[in-house]
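Structure first, then comments.
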Amino acid sequence: MTEIIVAEPVAVFTGVGKSFVAGKRRVEALRGVSARLRAGCVTGLIGPDGAGKTTLMRLLAGLLKPDAGEIHVLGQDVIGEPLRVQQSLGYMPQRFGLYEDLSVQENLDLYADLQCVAHAARPERYAELMHMTGLAPFTHRLAGQLSGGMKQKLGLACALVRSPKLLLLDEPTAGVDPVSRRELWEIVYRQVEQAGMSVLFSTAYLDEAERCDDLLLLHQGQLLGQGKPAEFSSRMQGRIFNVSNGSESRRRLQQQLVQQESVLDALIQGEAVRLVMHEGRSPQGEVWAKGLKIEQAAPRFEDAFVAMLGGVGAIAPEAVHAAATVTAKNGPVIEVADLSRNFGEFQAVKSIGFHVERGEVFGLLGANGAGKSTTFRMLCGLLPASSGSLTVAGMNLRDAPASARSRIGYMSQRFSLYGTLSVLENLRFFSSVYGLSGKGRRARIDWAFERFDLHDIADTASDDLSLGYKQRLAMAAALLHEPDILFLDEPTSGVDPLARREFWQRINLLAEQGVTVLVTTHFMEEAEYCDRLVIMAEGSILASGTPQAIKQTAAATGEKVATMEDAFIALIQREAA
Amino acid sequence: MISGMRMRGLMRKEFLQIWRDPSSIAIAFVLPVLLLFIFGYGVSLDAKHVPIALVVEQQDAATASFTGAFRKLDYFAPLPFANMRDAEEAMREGEVEAILHLKSDFGRTIFQPGGAPAQLIVNGVNANTARLISGYATGVWATWLQQYAALNARSFNVPVMVQSRVWFNSELKSRNYLVPGLIAVIMTLIGALLTALVVSREWERGTMESLMATPVSMSEILLGKIIPYFLLGTGGMLLSVAMAVWLFGVPLHGSFFLLFGVASLFLLVALGMGLLISTVAKNQFVASQIALVVTFLPAFLLSGFIFEIASMPQVVQFITHIIPARYFVALLHTLFMAGNIWSVIVPNTLALAIMALFFMGLVWRISRKRLD
Amino acid sequence: MGSLRRILALMGKEFLALLKDNKGRFVLIGPPIIQLMVFGYAASFDLNHVPYAIYNEDGGAASRALVARFEGAPAFDVATILHHDSEIKSLIDDKQVLLVVHIGQQFSRDLALGQSAQLQLIVDGRNSNTALIILGYARSIVLGFNESQLLAAGATGLPVHIQTRAWFNPNLQSRWFLIPGIAGLITLVVTMMVISLSVAREREQGTFDQLMVTPLRPFEILLGKALPGFIIGGLEGTLVILVAVFWFEIPLLGSLVTLYTGLALFLLSAIGIGLMISSMAVTQQQGFLGAFLFIVPAILLSGFATPIENMPEVLQYITLVDPMRYLMVILRGVFLEGTSFTMLIPQFWPLAIIGVVTLSFAAWLFRHRMY
């Protein structure tokens, strides 16, 4: 008997279609999607931005009514009986709606009341959830004062307060640091194992997809495929290679390789470049492969994902170097020494020091609340330092003449553009405040349209753009005035893997041209792209150096360190211990 | 299908939020008290101690007696001026609101036929004040004339003597009608503006989506908003009534329970409007602007709170019928100053009840537990 | 030069952002038009067609002559004729009439005998202002009647009333008083809403940081924010002035230079206060509430509808820091009295001081809250 119950799918949708009216256009968010979610396992919902992931989640939660098709969740018709389904459902929206002016405990109480959890059962459940999430010391803190990672954990705890049969998680790990991410997944997997819960989650981190039991691949509102991650990646068998050479920089090598027509995708990984070849092609025998060390590698889900979506394509290096004006003067561009910042009693940054050389891609990594944003803001001159010294291009931007700021470009995780202004108007505005005018300005705007492929959306309000396009526009705006230092604050947060690849190709090109890049990120594979990086925790620097050196430092802790993420977690855990 | 536990949870959350959110405190407490003080102490339409220039060209017993009559009254604060030029200058500069001009032959011609020895020039810019001044001055003149005639042993009969009786607000204090009317404005602020803001904030911050994914029903969500803000509005009403009666000495002739009843009904109407606005707007900025234009401004201007509805153009009078505050203000004025006059209470209460049913019904009809 | 270009770019962006945004357009166009129409037509202290009842117990020729005078007055509309004492109460209670004119049985006889006849006026006092005005109208009708009675009798009567003249607004229309005030009110509301939300909106959307890392200097940002508010406030004020002059036919006696000097100085202080609120607010909601909390008392204490002289002394001192107070005097002076520039200088300098103080404080807040 039990066998049959387990085999019963937890959700079934047949021919589901849903469209919205956005502005004047009608957008088909989902088109004829049919699938079954297996019970008692973790299913991943993967797809680029605008694929319809959130719509699908909301349909399952009974928050939207489909235009066509049927949806049954836990054996109930969601369309007709949403309340029944919602009694055994846990749902965590993308931006989990925590009441920020309520404390951790009050948020939990609210959701316990809403789910009608008996008072007698609460102390035990609360204790369990607080222990799992590590929020026990913070029960009286207001939710609005928690760090990003802690907020997500609290959101999860609220969704789990009644141990739902089906848990829906919409990008639960967006903007969350690797340590918190790992903890979050531990909680989720424990629920699946111990309580037999079924989980559907969406994510932009493809390594998370790798670990789940089943995958739905969504693209432009259609289901491209469903299966185990291994089933996807096994199709890529024989098409993946690690390529390296001794002399040339890996960045230049990656740039070179990605332009080859037989190469679908090329990524920097450790000391090598990871290649995904087009179907039926192999680097062996290609002209460009001469003198390179080539090893076959095991495929990952990410490879399959990129292949199914057709890859990114190469971005040609520019004919005229953007940073041709950069005078070749060696020496550090950014220097930080003994830098501290206090907020009242709390010391957010504790006397740190590092330097960044010209043309370097420098990473600033850390858990949420580690002080990297504070450091970043101080470097940009947005926040005064409490003590210590910092110079950017020889000056402190806080009290340097305003013109000094025209040497830097800045792009924040929120892609801060004027939402009601069109793409062209945004570019015009930013070029003007950077002092461009007349022919020069027109030339740069043309350049931006050309390089970032913005022609089709010139008159679209930037609010209506997809996240990927917003990111492109933000980057174009940051580069209009040809800065020689670029500050990027989580520039790929929430952006899908394809857009991220494209973004990093551009960064690499810029770095090759001598632009100095300072970047913060939560994607540890992106840390691999940096020349050097620092890892911060609780306001101090834990480790610094090249990705390779950091991995070695981390390996010294005795943990198994294969990826940057492992290294990061090992270092943070060593510090915490 | 309403669960006590869920309702308690939602309401507790709402009260915690009201308590911790400075904007709720600002609208629910700071603004009402500020308005009550301004209207209770500050704003008044009554003319009192109006500065008035006295130009007496030739002093004698008659002019002294007449100006003495002016000085005795609270309405005027007379300032003597030597000549008309100075007085006119003072009026242009806004130092005085009116000029009382007694010509040199005042004493001589006063008992002569057709004599018009006294002239009052008022600054007409503020028409209302001007009218009050000339009304008061005429009154002073008539009374004085009669006394003066008697004093000088002249027989003098004014053909028709006006005997006026003012009902309900016999002292004619504007505070007595402004402060009760203000209760309608305050309850509109809490019921409609604040509710519209907090509900649209839930949409904006995504907390509504989380709420909706729980087994809570739409009725529970709505009641979870209505009950706390109803209580808050009732608190505002009690505070206003207490301040009106005990601090500003406004008489409350009608029954307090009746007042409480109609205020509750009006609060339901305001809450219904607030919820409707937030359901349509789902954005704090738009909701606040709509709430200002369709609830706050009409409650201020079209309700009879300050401006008499009977004097508005027909079209505007017609519009006032769809303004709930109009019925509530009529009830407030009557209950405070006149008492339990059923012929006023019944129709106005009925109108409020219909509006409450209409708005609440509409809110329940269009609120769906869905995001699309 | 570069500075100017940057400021112009910022201003251009502000205008675009405001005008392309449906909500922004709504704030600029919706409430002002509604306010103008509502105020223009609904807000008036003048009384027309006041319903009243006549209870004439006398019936003689003299009483009928007096009744005819009431019937002929445009301010009054006869609602009903009473025949019994007991009818009065319910009529006034129900607000069917605001006034009952009660002529006693002896009225005509007293008059014929040369004695003073009594006329009773019963007024609904619930709205004391209305009651006072009704009494004023009724009294003036009776005065007219008295005068004609005395003349007819050929008596060597006494002057029954003072000769009254009203300067500037001879027909005493309160619309003339209120509409120039509305120009100030709408200018204040629109400017405050635009300005107090502008910095907060950029903070909320994260574009403020983006601005701070550009070569824009803080004062350039401040100027780029202030000038659009100045222009919009000026245009909005001009629009209302045009409507006031051409639609509501309010006389504009003074010079435009004086009017716009006052408006410009007022805008400076409104912008200063708006920017102060804006630099303190973290979210748009706080900005909105801050503006609202300022606007409501500022209007109530400005003398817009109720005279400042009637306020308690303490409050009169508080009104000295209310820029609206000065603008009201300027607008009404220039519109109705044709007040000259020099006579308004006592209004100009306080506005200038408020403007300078608030703008400097806003600039200080701006620099100190940049992070």
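The values are calculated or read from the model by the stated rules, or taken from the named source; none is laboratory data. In this text, all values refer to a predicted model and were calculated from it rather than measured experimentally. Here the Cβ positions follow ideal geometry from the backbone for every residue, glycine too, while neighbour counts run over all protein chains shown. These area figures cover heavy atoms from the full protein model, side chains too; ligands, DNA and RNA do not enter into them. Shrake-Rupley method; radii C 1.70, N 1.55, O 1.52, S 1.80 Å.
Compute the orientation-averaged projected area for the stretch A:238-298 from the convex hull of its Cα atoms and round it to one decimal in nm².
3.7
Roughly what angle does helix B:127-151 make with the longest principal axis of chain B, taking Cα atoms, 0 to 90 degrees, to the nearest 10?
Helix B:127-151 sits at roughly 40 degrees to that axis.
Chains A and B: how much accessible area gets covered up at their contact, both sides added, probe 1.4 Å, in Å² to the nearest hundred?
Separately minus together, A and B give about 2900 Å² buried.
Ignoring solvent entirely, what values of log10 I(q)/I(0) come out of the Debye formula for the stretch C:50-153 at 0.18 Å⁻¹ when each Cα is a single scatterer?
Relative scattering, expressed as log10 I(q)/I(0), comes to -0.85.
Given a 1.4 Å probe, show me the residues in the stretch A:90-112 buried by at least 30 Å² of accessible surface when comparing the whole protein assembly to the chain alone.
A:Y91, A:P93, A:R95, A:G97, A:Y99, A:D101, A:L102, A:E106, A:L110, A:Y111
Quantify how strongly other chains surround peptide C:173-185 by giving the mean number of their Cβ atoms within 10 Å of each of its Cβ atoms. Please report the intermediate quantities before stating the final value.
Numbers: counts 2, 10, 1, 4, 7, 4, 0, 1, 1, 0, 0, 0, 0.
What the average comes to for C:173-185 is 2.
Accessible area, 1.4 Å probe, largest first: how do A:T43, C:T80 sort?
Order by accessible area, largest first: C:T80, A:T43.
Note down the Stokes-Einstein diffusion coefficient of the stretch B:257-311 in µm²/s, whole number, using a Kirkwood radius over alpha carbon pairs, 10 °C, and 1.306 mPa s.
Values: Rh = 12.6 Å.
It diffuses with D of about 126 µm²/s by this estimate.
Sort out for me the Cα centre separation of the stretch A:73-110 from the stretch A:411-476, rounded to whole Å.
Here the two parts' Cα centres lie 39 Å apart.
Which log10 I(q)/I(0) values does the protein assembly as shown give at q = 0.09 Å⁻¹ under the Debye formula, counting every alpha carbon as one identical point scatterer?
Values returned for q = 0.09 Å⁻¹ are -1.18.
Which ³J(HN,Hα) values in Hz, rounded to whole numbers, follow from the phi angles of the stretch C:270-276 under the Karplus curve 6.51 cos²θ - 1.76 cosθ + 1.60, where θ = phi - 60° and Gly and Pro get x?
With coefficients 6.51, -1.76 and 1.60, one gets 4, 5, x, 5, x, 5, 4 Hz.
Rounded to the nearest 10 degrees, what's the angle between the helix A:564-576 long axis and the longest principal axis of chain A, both from Cα atoms, 0 to 90?
Once rounded, one gets 80 degrees.
Please find the FRET efficiency linking C:S148 to C:W247, where r is the Cβ-Cβ separation and R0 is fixed at 41 Å, and quote it to the nearest 0.05. Present the calculation step by step, with values, prior to reporting the outcome.
On the way: r = 39 Å, r/R0 = 0.96.
It comes to 0.55.
How large are Rg and Dmax for chain C when only the alpha carbon atoms are used, in Å?
That works out to 27.8, 94 Å for Rg and Dmax.
Using a simple spin-label model with points 7 Å from Cα along the Cα→Cβ vector, what separation in nm is obtained for B:R165 and C:Q106?
Each label point lies 7 Å from its Cα, and together they span 1.6 nm.
In what order, largest first, do A:H219, C:H84 sit by accessible area if the probe radius is 1.4 Å?
Solvent-accessible surface, decreasing: C:H84, A:H219.
I'd like the residues of the stretch B:205-231 whose 1.4 Å-probe accessible area shrinks by no less than 40 Å² going from the isolated chain to the full set of protein chains.
Buried-area filter returns B:R205, B:T207, B:E209, B:S210, B:A213, B:T214, B:P215.
For chains C and B, what's the summed buried accessible area, probe 1.4 Å, to the nearest 100 square angstrom?
Interface between C and B: roughly 9000 Å².
In peptide A:427-435, how many Cβ atoms from other protein chains are near each Cβ within 10 Å, on average?
6
Need one number: the % of Cα-Cα pairs in the stretch B:310-372 sitting beyond the 12 Å mark. Write out the running numbers ahead of the final one.
Values: 1433 of 1953 pairs.
Distances greater than 12 Å cover 73 percent of the Cα pairs.
Report the equivalent ellipsoid semi-axes for chain B in whole Å, largest first, defined as the square roots of five times the eigenvalues of the gyration tensor built from alpha carbon atoms.
Values: eigenvalues 629, 85, 55 Å².
Over the Cα atoms of chain B, the ellipsoid semi-axes are 56, 21, 17 Å.
Before we go on, tell me the buried accessible area for the C/A pair, both chains summed, 1.4 Å probe, in Å² to the nearest 100.
2500
So what is the 222 nm mean residue ellipticity for chain C from helices alone, if each DSSP H run of at least 4 adds -39500 (n - 2.57) and you divide by all residues, rounding to the nearest 500 deg cm²/dmol? Each step should come with its number before you reach the end.
Details: 14 runs with 236 residues, N = 371.
Here the helix-only value at 222 nm equals -21500 deg cm²/dmol.
Can you divide the C-alpha Rg of the stretch A:332-545 by 2.2 N^0.38 Å and report the result to two decimal places?
Here the answer is 1.01, to two decimals.
Within the accessible area of the protein assembly as shown, what % is carbon and sulfur when the probe is 1.4 Å and the other protein chains stay in place?
The C+S portion of the solvent-accessible surface of the protein assembly as shown is 57 percent.
Just the accessible area for B:V262, please: 1.4 Å probe, Å², rounded to the nearest 10?
Near enough 10 Å² of accessible area.
Let me see the P(r) profile for chain A: every Cα-Cα distance counted, bins of 10 Å, each bin given as a percent of all pairs.
Here the calculated profile for chain A is 3, 16, 25, 27, 19, 8, 1, 0.
Just the number please: accessible area per residue for the protein assembly as shown, 1.4 Å probe, all protein chains included, in Å². List each step's numbers first, then the result.
Values: 49710 Å² over 1320 residues.
I get 38 Å² per residue for the protein assembly as shown.
Over the whole of A:114-120, what's the average partner chain Cβ count within 10 Å per residue? Rounded to a whole number, please.
Mean shielding by partner chains, rounded to a whole number: 5.
May I ask for the angle, rounded to the nearest 10°, between helix C:2-20 and the longest principal axis of chain C, with both axes built from Cα atoms and the value confined to 0 to 90°?
That helix lies at roughly 50 degrees to the long axis.
Based on the Cα gyration tensor of the stretch A:2-227, what are the three equivalent ellipsoid semi-axes, each the root of five times an eigenvalue, rounded to whole Å and given largest first?
Semi-axes from the Cα gyration tensor: 28, 20, 18 Å.
Please give, to one decimal in nm, the separation of the simple spin-label points placed at A:E28 and A:R141, each 7 Å out from Cα toward the Cβ.
Roughly 4.7 nm, to one decimal.
If each DSSP helix of 4+ residues adds -39,500 (n - 2.57) and the sum is divided by the residues in chain B, what number results at 222 nm, nearest 500 deg cm²/dmol?
Counting only the DSSP helices, I get -18000 deg cm²/dmol.
Tell me which trypsin sites (Lys or Arg not before Pro) from the stretch A:156-264 have a DSSP coil assignment and no more than 13 other beta carbons within 10 Å of their own.
Working: sites: A:R162, A:K165, A:R181, A:R182, A:R190, A:R211, A:R235, A:R239, A:R250, A:R251, A:R252; in loops: A:R162, A:K165, A:R211, A:R235, A:R239.
Here the trypsin sites (Lys or Arg not before Pro) that fit, given the DSSP loop and packing criteria, are A:R211.
So, by mean Cβ neighbours within 10 angstrom, what's the order for A:68-76, A:148-156 with the highest one leading? Could the numbers behind the result be given before it?
Values: A:68-76: 18.3, A:148-156: 22.9.
Answer by packing, highest mean first, reads A:148-156, A:68-76.
Okay, which of the stretch A:161-182 sit inside 12 Å, backbone N to the point 7 Å along the Cα-Cβ direction of A:Q194?
A:163
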